[in-house]
Amino acid sequence: MTTTTHELAISATGLCKAYGDKTVLDGIDLAVPTGTVFSLLGPNGAGKTTAVKILSTLVTSDAGELRVGGHDLATDAHAVRAAIGVTGQFSAVDGLITGEENMLLMADLHHLSRQEGRRVAAELLERFDLTEAAKKPASTYSGGMKRRLDLAMTLVGDPRIIFLDEPTTGLDPRSRHNMWGIIRELVAGGTTVFLTTQYLDEADELADHIAVLNDGKVVAEGSAEELKRLVPGGHVRLRFTDPDTYRSAATALREVTRFDETLSLQIPSGGSQRELRSILDWLDAADIEADELTVHTPDLDDVFFALTGGAKVAHQPSQPSVSNQPKENVR
Amino acid sequence: MSTLSLAVRDSSTMLRRNLLHVRRYPSMTLNLLLTPIMLLLLFVYVFGNVMSAGIGGGGADRSDYIAYLVPGLLVMTIGSTVIGAAISVSMDMTEGLIARFRTMAVYRGSVLIGHVVGSVLQVLASLVLVGAVAVAIGFRSTDATVLEWLAAIGLLVLFALALTWIAVGMGMASPNPEAASNMATPLILLPLISSAFTPADTMPGWFRPIAEYQPFTPTIETLRGLLLGTGIGNNWWIALAWCVGLTVLGYHWSTSQFNRGLK
């Protein structure tokens, strides 16, 4: 167990998949160390779900060397299946039977004894706050409850590696935060999580490592911090209430972008302590006193739109002029 | 765990799931049962006297027609009940649950085996119910031996197995449960153009071969022969050939669709 391949829970080299003449995955490489959260981030249609389907043995790849849980996907899919748990995008619960029966079904399929199955089912239902609804048909559950039941079913076999395909899509904010809490608990217990999401904050919150997928290719990867550094766009914003102070400041400071309507100035900055101090020194030297100073670091949104070539449509009422937006520079 | 014990264990788990569905929601099974029972009562009590006079050798007494009709309706019950299998397979395939099973270290065939065995058991239960109604309205077998009864039951099971595999294939091929139900409709229409209600030789000449050689007629004629002592002729082996042929066809159709992966 000393080679690196054994320490990787999931590894893919040159993963390709095409449906007809439509290339969905165009030679992607992935490496997910054991016990970490990996997030595949991308817009709709980027190929995220296809990647999950392939890695979870649902669909075969056209090319690529793939290993999950130390087993080769091409030759030992059964062993891979024994090591993984999958919660797909669409609810995979049996709506005709109760939540408890769904759990016991999973226990039976994992060949747990009757007693062990009942214990595990009761434990997980309790943990996912479903004990009260356990005797009701799963079709009567709310969206959030169905997702929780779905994940609880995935955990019956105590899988070492879990695939979560857009686990919070369609959930209300509270259910979403609950789901994040559950995922964090799993990771704390040593489980490896492979997560796809189209929500940048979700990847930011949960993932140790993020790969941005666009058009079947990994266009960037790294930690959230590393990705943010890829994109310029950090700045310090000064706001003034008095137009005269604003005008004199604007003339005194040359390297700034002016926003006359809101009486604010933007100074490019990566947001590090040192850069910030030098800006403050500079302002003091020029004898400028802004009424409000805010530091903006690029968020994953900036990275995402820069890398995937989409336009950022988020409303920014305090910046009516978009001609100097960092995203524009990057494009 | 050996492959065989894995297969048996997982398949029986899947079977338990399917039977649980039937137990929780008996309305679908009962709805499907309604057609043969309604037709039985309609043809016996409304058309009975006329039909009885019409079939060869029958007097103007509906009891002759009851005897003629019941074997046909028992076989029709099979066609009607397996539609449930098409619908439930389709429901399974359109939901994410099958995808979950596929990502688990579960015996691959267990999902389909669960459906097939569940459907055959359901058919047997339906046959007992329809049979009970038939006996209640006066159907009696004319001195069939134990061996003939066993052969009759065996034939019904084989035919149920064959039609179930076809229905499972239909369920897999359908994009949603409604389409599955439509696609499976021929399974209750075919008996209407078989010898279930009237002898095939009373039909127009050009149509007779279709009526005589489609899967239902030879099966019905064989069952009639076993229960009532009418002539079976070459019908028994045509019926067996249909059973084996449809089972093989349905099995390959279903499993190839199942293994092709999700759409």
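What the table below lists for this structure:
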read-out: Test: residue in region A:10-29 that is within 25 Å of A:Ile182 (Cβ to Cβ), surrounded by fewer than 23 Cβ atoms within 10 Å (Cβ to Cβ) and either not assigned by TED's automatic domain parsing to the domain that holds A:Thr154 or not β-branched (Val, Ile, Thr) (or both); value: no
read-out: Any hit, region B:190-197, residues being within 19 Å of the chain's Cα centre (by Cα), part of a helix (DSSP H, G or I) and of a type in the set (Phe, Trp, Tyr); value: no
read-out: Failed condition for A:Gly99, given (1) more than 8 Å from chain B (Cβ to nearest Cβ); (2) without any contact (Cβ under 8 Å) to a residue 40 or more places away in the chain; value: (2)
read-out: Condition met for A:Gly190 (assigned by TED's automatic domain parsing to the domain that holds A:Asn102, touching a Gly at 6+ places or on another chain (Cβ under 7 Å) and of a type outside the set (S, T, N, Q)); value: yes
read-out: The one condition in (1) surrounded by fewer than 18 Cβ atoms within 10 Å (Cβ to Cβ); (2) assigned to a helix (DSSP H, G or I) that A:Met145 fails to fulfil; value: (1)
read-out: Residue count for region A:221-247, restricted to those that are part of a strand (DSSP E or B) and closer than 17 Å to A:Leu280 by Cα; value: 5
read-out: Count of residues meeting criterion [in contact (Cβ under 8 Å) with a residue 40 or more places away in the chain, among the aromatic types (Phe, Trp, Tyr) and not in a strand (DSSP E or B)] in region A:178-201; value: 0
read-out: Restricting region A:285-327 to residues that are closer than 25 Å to A:Tyr246 by Cα and in a helix (DSSP H, G or I), the residue that is modelled with the highest pLDDT; value: A:Ala285
read-out: Residue in region A:119-127 that is basic (Lys, Arg) and either assigned to a strand (DSSP E or B) or modelled with pLDDT under 95 (or both) present; value: yes
read-out: Total residues in region B:23-64, condition aromatic (Phe, Trp, Tyr) and either in contact with a Gly (Cβ under 6 Å, 6 or more places away or on another chain) or part of a helix (DSSP H, G or I) (or both); value: 2
read-out: Which numbered condition B:Val106 misses (of (1) modelled with pLDDT of 95 or more; (2) assigned to a loop (DSSP other than H, G, I, E, B); (3) β-branched (Val, Ile, Thr)); value: (1)
read-out: Criterion (within 9 Å of chain B (Cβ to nearest Cβ) and surrounded by fewer than 22 Cβ atoms within 10 Å (Cβ to Cβ)) met by exactly one of A:His71, A:His78; value: A:His78
read-out: Test result for B:Ala67, crowded, with 22+ Cβ neighbours inside 10 Å, touching a residue at least 40 places away in the same chain (Cβ under 8 Å), in contact with a helix residue (DSSP H, G or I) (Cβ under 8 Å, 6 or more places away or on another chain) and assigned to a helix (DSSP H, G or I); value: yes
read-out: Qualifying residues in region A:102-121 (those that are under 30 Å from the mean Cα position of the chain (by Cα) and away from chain B (no Cβ under 11 Å)) - the one nearest to B:Tyr25 (Cα to Cα); value: A:Met103
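The values are calculated or read from the model by the stated rules, or taken from the named source; none is laboratory data. Computed from a predicted structure; not experimentally measured. For neighbour counting, all protein chains shown are included, and Cβ atoms are generated from backbone atoms with ideal geometry for every residue, glycine included.
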